[in-house]
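Data first, discussion second: the structure below is written as structure tokens.
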Protein chains: 2
Amino acid sequence: MKNEKKLTKREENYSKWYNELIIKASLAENAAVRGCMVIKPYGYAIWERVQSLLDEKFKDTGHKNAYFPLFVPKSLFEAEEKNAEGFAKECAVVTHYRLKKDESTKNKLIVDPEAKLEEELIVRPTSEAIIWKTYQNWIKSYRDLPLKINQWANVVRWEMRTRLFLRTAEFLWQEGHTAHATKDEAMEETLLINSIYANFVEQVMGIPVIQGIKTEAEQFAGAEKTYCIEALMQDGKSLQAGTSHFLGQNFSKAFNVKYATKEGGLDFVWATSWGVSTRLMGALVMAHGDDNGLVLPPNIAPFQVVIIPIYKSKEDIEKIEKEVEAIKDIFREHNIRFEYDDRDSFTPGYKFNEYELKGVPIRISIGLRDIEKKGVEIARRDTFEKMFVPKETLLETIKTTLDDIQTKVFEKALNFRNNNITQVENFDDFKEILNTKGGYISAHWDGTRETEETIKKLTKATIRCIPMDVQSEQGKCVYSGNKSTQRVLFAKAY
Amino acid sequence: MKNEKKLTKREENYSKWYNELIIKASLAENAAVRGCMVIKPYGYAIWERVQSLLDEKFKDTGHKNAYFPLFVPKSLFEAEEKNAEGFAKECAVVTHYRLKKDESTKNKLIVDPEAKLEEELIVRPTSEAIIWKTYQNWIKSYRDLPLKINQWANVVRWEMRTRLFLRTAEFLWQEGHTAHATKDEAMEETLLINSIYANFVEQVMGIPVIQGIKTEAEQFAGAEKTYCIEALMQDGKSLQAGTSHFLGQNFSKAFNVKYATKEGGLDFVWATSWGVSTRLMGALVMAHGDDNGLVLPPNIAPFQVVIIPIYKSKEDIEKIEKEVEAIKDIFREHNIRFEYDDRDSFTPGYKFNEYELKGVPIRISIGLRDIEKKGVEIARRDTFEKMFVPKETLLETIKTTLDDIQTKVFEKALNFRNNNITQVENFDDFKEILNTKGGYISAHWDGTRETEETIKKLTKATIRCIPMDVQSEQGKCVYSGNKSTQRVLFAKAY
């Protein structure tokens, strides 16, 4: 059984490399439904780690999970005007609730025209509308606040041009929706979540991010202020990896959600919403992948070590399995996630290639010769280094190597990112850098929507964010020459 | 702050009791979308336990999770004829992919008639069609088998009359879809899953079930054989709590999924599918609930113990919290799930009532007098027994009490179930028992669909299942008087 031909190289065709990698590493594939994807078991196992680790963070900070309906009646959907306008063009709409037999063609079904809904239902592109309609009944008094709810769900945004994980009609995500008595508390929540996202993506997924604020043009439809984490991909484009919105009182006013204050008054509540999605899977591929496939940081890998037996006869494999059992016990005891691949219908070479594509951090191979020498061979996915490790030091070596891979993978991405932030002072340099080097351009901007839009039209670069840690600095807008007080980050983006 | 008026009693109006309990215990509520529900945090926390515990069982038996699209193109949906026919009447159909501004009314949106889909999309009522279309590409050779996949997802079945958890337009479930090289292996899988369901529902949820086989009239549309677990509710009606289907080669033939055998042949694969849903939440309520609210078996309870401080002054609460910290540490160390409710905007009496409604197995209350006496008061939810427990024996008492509640709740339900299986030999007794005592009627049936349908028409009772452990026994059909070789179980059902 031979593997199919090699992966396209990144520098040859980055976008082809990306698609091929996802298919060959068995992460996902295009579904038989236009614009939708099937997340395959290996890809889903990574997503399950994202879910369980983030879920823990949300719960540790006082959030509870709940579940709200998939459908939003049109009249609710349009209640918050800006939000509705922002999503109207990409809504899947349910209009009928029954099929019937097509009398003219055997075994075919048609939509039953008599089963038309009185009011159309929108398949949720995001759940603010249905959730705030629900909060109307849940929030009566200060006793009911803060209300901090999260849901793990599927959402649908009809996209014309789709790409696996990055832009699909249906995707999976979590969406948090909170309500607070004060503006300050809501703002604190918005920032808390943005930092939870940043820490998770950096420490678990090994992807450095820039925390920042979106400009008005780029913020969430219905938000007062959108905070985000932006990550740089290897092709020099930025990817918005998560957003946390301060919604002000927009939704509480649209849905008339007031609470009785401790002092006896009646006030509108303050809101936030925030989410990360299966898009993070795309970031993972593009931040760390190489020409041999995916490279997984150990903290996010479904299994950190794969053990592959090298054998010819039945007697060989029996001897090997005895050794492997001991290794498995040690790994289990020390919470090292592993998989033992003893499929006899695939060669070791095929398996080596498969796990390289899948980015498994460490590969252990063990044959008779290794047993004689009382050890195993280990290979690092990130550096391709191989070494023979004696049994006695195996656990220690695996632990330090996993730690080292986690650190190195992050550092590599961080160096790349830091080397690709360029300060620019005039528009010619701006265009030049954008088209040659790519990455982030740190430049002064006059703060107007016109300038932002013009630059986008001329260069396809958008303001990814106003970084949160940026120093105020007097300067002139890179495009208009007007006064500016701080630099913002421009980039082409996914 | 007073609680709202008492729960309706079961014997007064069972169905009203059920609805009220779900609302008052904050499990779920009707959504602003017709037929859909909002699963509230406490209800969702129970569902999360169902998910994590069942997921572990699936993974331990070699299944992997994946995710398939929400939408099924109509042409795929109709490929397996019986399955399509079975679900056609309850399909939500997406026909458009865009809204636009209604020029005649400010801030209103209408469906854009120009954004009509070429082919309608069905919101999945179950995923066999889309999954078997996908398996076409995944299964080529015996090396790809068995393929054992599960997904946690939402599905939509348009129901005219809905009830929280039992029958809602959208519900949450898991659906397993497996493919096998042989018929025997597929049958083994079908039975394995049915027993996993039975063990889970009995041992974790404390609900006794009968494992059985559905008659042809009652089986899944597209299955060759449907296995099920049936549970008896306190009103004498049966609830189908889970099903596991042997699909034969129906779907592999409909979607042309063949595999190259080891011997060089080409064969259709054998399939199973199986699922449990948020319906289990309804079973939980109706199997154990009493006139004071929910009664949770400790194994499924999101928190097994609630700790409530009884205090008047700030000094009181400080003293109490010192004691409580010690208890919390012990509970954490021994994996006892607990919650400490120190909200100062609610009285202890309000809280007692709230956790009684929520069915929390054990309540601990602790005030200054308890501290003086070096202990706490505990109250069991199932028996309402209260006792004072000294600090030193608290952990031991909690552990044994939780075990005892788990056992007793199951035994109570088992006794009730066993006392409500009545052997009946003629149709007059059949009707009499059904209308007075209710429960299961164990009776001979001649095996024909006609008899089954007639009995249903005359009595509203259906054959819930042919129990798997039933002895073969010569007899005469309770309705037709024709020959029969074994008894089946009839009941009215949810």
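The values are calculated or read from the model by the stated rules, or taken from the named source; none is laboratory data. These figures come from a predicted structure and were not determined experimentally. Positions of Cβ are backbone-derived with ideal geometry, glycine not excepted, and every protein chain shown enters the neighbour counts.
Residues that are within 7 Å of another protein chain (Cβ to nearest Cβ) and of a type in the set (D, E, K, R) were ranked within segment B:116-138; the one that is surrounded by the fewest Cβ atoms within 10 Å (Cβ to Cβ) is B:Glu120.
Given the options A:Thr407, A:Thr436, A:Thr448, A:Thr459, name the one that is within 30 Å of A:Gly359 (Cα to Cα) and either over 23 Å from the mean Cα position of the chain (by Cα) or of a type in the set (Phe, Trp, Tyr) (or both). Before you say what the answer is, go through the steps one by one.
On the way: A:Thr407 fails: either over 23 Å from the mean Cα position of the chain (by Cα) or of a type in the set (Phe, Trp, Tyr) (or both); A:Thr448 fails: within 30 Å of A:Gly359 (Cα to Cα); A:Thr459 fails: within 30 Å of A:Gly359 (Cα to Cα).
So the residue among A:Thr407, A:Thr436, A:Thr448, A:Thr459 that is within 30 Å of A:Gly359 (Cα to Cα) and either over 23 Å from the mean Cα position of the chain (by Cα) or of a type in the set (Phe, Trp, Tyr) (or both) is A:Thr436.
The single residue among A:Glu29, A:Glu12 that is surrounded by fewer than 17 Cβ atoms within 10 Å (Cβ to Cβ) and either acidic (Asp, Glu) or free of Cβ contacts under 8 Å to residues at least 60 places away in the same chain (or both) turns out to be A:Glu12.
The conditions of being closer than 28 Å to B:Tyr44 by Cβ, of a type outside the set (A, V, I, L, M, F, W, C) and touching a Ser or Thr at 6+ places or on another chain (Cβ under 7 Å) are not met by A:Arg157. Taking the stated definitions as given, is A:Thr8 touching an Asp or Glu at 6+ places or on another chain (Cβ under 6 Å), on the phi < 0 side of the Ramachandran plot, facing another protein chain (nearest Cβ under 7 Å) and of a type in the set (S, T, N, Q)? When the stated conditions are applied, A:Thr8 does not pass them.
Checking the conditions here, which among A:Lys373, A:Lys399 is in contact (Cβ under 8 Å) with a residue 60 or more places away in the chain, surrounded by fewer than 20 Cβ atoms within 10 Å (Cβ to Cβ) and over 22 Å from the mean Cα position of the chain (by Cα)?
Working: A:Lys373 fails: in contact (Cβ under 8 Å) with a residue 60 or more places away in the chain.
Step by step, each of A:Lys373, A:Lys399 is checked, and only A:Lys399 is in contact (Cβ under 8 Å) with a residue 60 or more places away in the chain, surrounded by fewer than 20 Cβ atoms within 10 Å (Cβ to Cβ) and over 22 Å from the mean Cα position of the chain (by Cα).
Being surrounded by 23 or more Cβ atoms within 10 Å (Cβ to Cβ), out of contact with any Gly (no Cβ under 8 Å at 6 or more places or on another chain) and either of a type in the set (Val, Ile, Thr) or within 10 Å of chain B (Cβ to nearest Cβ) (or both) is the requirement here; does A:Ile196 meet it? Break it down into steps so the answer makes sense when it comes.
Details: surrounded by 23 or more Cβ atoms within 10 Å (Cβ to Cβ): no; out of contact with any Gly (no Cβ under 8 Å at 6 or more places or on another chain): yes; either of a type in the set (Val, Ile, Thr) or within 10 Å of chain B (Cβ to nearest Cβ) (or both): yes.
No, not satisfied.
Here A:Ala84 meets the list (1) more than 7 Å from every other protein chain (Cβ to nearest Cβ); (2) part of a helix (DSSP H, G or I) almost entirely, failing just condition (1).
Check segment A:455-469 and report whether any residue there is of a type outside the set (Lys, Arg), at pLDDT below 95 and out of contact with any strand residue (DSSP E or B) (no Cβ under 6 Å at 6 or more places or on another chain). Working first, answer last.
Residues of segment A:455-469 that are of a type outside the set (Lys, Arg), as a first pass: A:455, A:458-459, A:461-463, A:465-469.
Still in the running and at pLDDT below 95: A:469.
Narrowing the set further to residues that are out of contact with any strand residue (DSSP E or B) (no Cβ under 6 Å at 6 or more places or on another chain) leaves A:469.
The answer is yes, given that some residue of segment A:455-469 is of a type outside the set (Lys, Arg), at pLDDT below 95 and out of contact with any strand residue (DSSP E or B) (no Cβ under 6 Å at 6 or more places or on another chain).
Determine whether segment A:170-181 contains at least one residue that is at the interface with another protein chain (Cβ under 8 Å from one of its Cβ atoms) and within 22 Å of B:His96 (Cα to Cα).
Quick first cut of segment A:170-181, residues at the interface with another protein chain (Cβ under 8 Å from one of its Cβ atoms) only: A:170, A:172.
Next cut, within 22 Å of B:His96 (Cα to Cα) only: A:170, A:172.
Yes, some residue in segment A:170-181 is at the interface with another protein chain (Cβ under 8 Å from one of its Cβ atoms) and within 22 Å of B:His96 (Cα to Cα).
Only a single criterion out of (1) more than 30 Å from B:Glu48 (Cβ to Cβ); (2) within 9 Å of chain B (Cβ to nearest Cβ); (3) at pLDDT 95 or above is not satisfied by A:Pro113, namely (2). Whenever a residue of segment B:428-448 is without any contact (Cβ under 8 Å) to a residue 12 or more places away in the chain, its partners that are among the polar types (S, T, N, Q) and not in a loop (DSSP other than H, G, I, E, B), lying with C-beta atoms within less than 7 angstrom and at least six residues away or across chains, give the pairs B:Ile433/B:Thr422.
Of the set (1) surrounded by fewer than 21 Cβ atoms within 10 Å (Cβ to Cβ); (2) more than 7 Å from every other protein chain (Cβ to nearest Cβ); (3) closer than 23 Å to B:Pro73 by Cβ, all apply to A:Ile22 but (1). A residue that is in contact with a Lys or Arg (Cβ under 6 Å, 6 or more places away or on another chain), part of a helix (DSSP H, G or I) and at the interface with chain A (Cβ under 7 Å from one of its Cβ atoms) occurs nowhere in segment B:91-107.
Applying the set (1) of a type in the set (Phe, Trp, Tyr); (2) within 12 Å of chain B (Cβ to nearest Cβ); (3) buried (at least 21 other Cβ atoms within 10 Å of the Cβ) to A:Tyr142 leaves exactly one unmet item: (3).
Only one entry in B:Phe77, B:Phe71, B:Phe58 is out of contact with any helix residue (DSSP H, G or I) (no Cβ under 7 Å at 6 or more places or on another chain), modelled with pLDDT of 95 or more and crowded, with 23+ Cβ neighbours inside 10 Å, namely B:Phe71.
Applying the selection to segment B:140-170, what residues are β-branched (Val, Ile, Thr) and more than 20 Å from B:Trp274 (Cα to Cα)?
Just the residues of segment B:140-170 that are β-branched (Val, Ile, Thr), to begin with: B:149, B:155-156, B:162, B:168.
Scanning segment B:140-170 gives a single hit, B:Thr162.
Within segment A:211-241, the residues that satisfy the criterion of being in contact with a helix residue (DSSP H, G or I) (Cβ under 8 Å, 6 or more places away or on another chain) and either in a helix (DSSP H, G or I) or among the hydrophobic types (A, V, I, L, M, F, W, C) (or both) are A:Glu216, A:Ala217, A:Phe220, A:Ala221, A:Ala223, A:Cys228, A:Ile229, A:Ala231, A:Leu232, A:Met233, A:Leu239, A:Ala241.
Can B:Leu147 be described as surrounded by 17 or more Cβ atoms within 10 Å (Cβ to Cβ), assigned by TED's automatic domain parsing to the domain that holds B:Val269 and either under 14 Å from the mean Cα position of the chain (by Cα) or free of Cβ contacts under 8 Å to residues at least 12 places away in the same chain (or both)? Walk me through how you get there before you give the answer.
Details: surrounded by 17 or more Cβ atoms within 10 Å (Cβ to Cβ): yes; assigned by TED's automatic domain parsing to the domain that holds B:Val269: yes; either under 14 Å from the mean Cα position of the chain (by Cα) or free of Cβ contacts under 8 Å to residues at least 12 places away in the same chain (or both): no.
So B:Leu147 does not fit the description; no.
Evaluating B:Gly206 against the criteria (1) touching a residue at least 12 places away in the same chain (Cβ under 8 Å); (2) within 10 Å of chain A (Cβ to nearest Cβ); (3) on the phi > 0 side of the Ramachandran plot leaves one unmet condition, (2). The set of residues in segment A:161-185 being over 23 Å from A:Arg34 (Cα atoms), among the charged types (D, E, K, R) and surrounded by 21 or more Cβ atoms within 10 Å (Cβ to Cβ) consists of A:Glu175 alone. Within segment B:153-166, if we keep just the residues that are under 18 Å from A:Ala115 (Cβ atoms) and touching a residue at least 40 places away in the same chain (Cβ under 8 Å), the residue that is farthest from the other protein chains (Cβ to nearest Cβ) turns out to be B:Thr162.
For segment B:47-63, what are the residues that are within 11 Å of another protein chain (Cβ to nearest Cβ), within 26 Å of A:Phe68 (Cα to Cα) and either among the basic types (Lys, Arg) or touching a Leu at 6+ places or on another chain (Cβ under 8 Å) (or both)? B:Trp47, the sole residue that qualifies.
Quick grid of which residues meet (1) farther than 28 Å from B:Ile362 by Cβ; (2) surrounded by fewer than 24 Cβ atoms within 10 Å (Cβ to Cβ):
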site: B:Ser244; (1), (2): yes, no
site: B:Trp270; (1), (2): yes, no
site: B:Ser273; (1), (2): yes, no
site: B:Val285; (1), (2): no, no
site: B:Pro297; (1), (2): no, no
site: B:Pro302; (1), (2): no, yes
site: B:Lys312; (1), (2): no, yes
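Across segment A:365-415, the number of residues qualifying as in contact with a Gly (Cβ under 7 Å, 6 or more places away or on another chain) and aromatic (Phe, Trp, Tyr) comes to 2.
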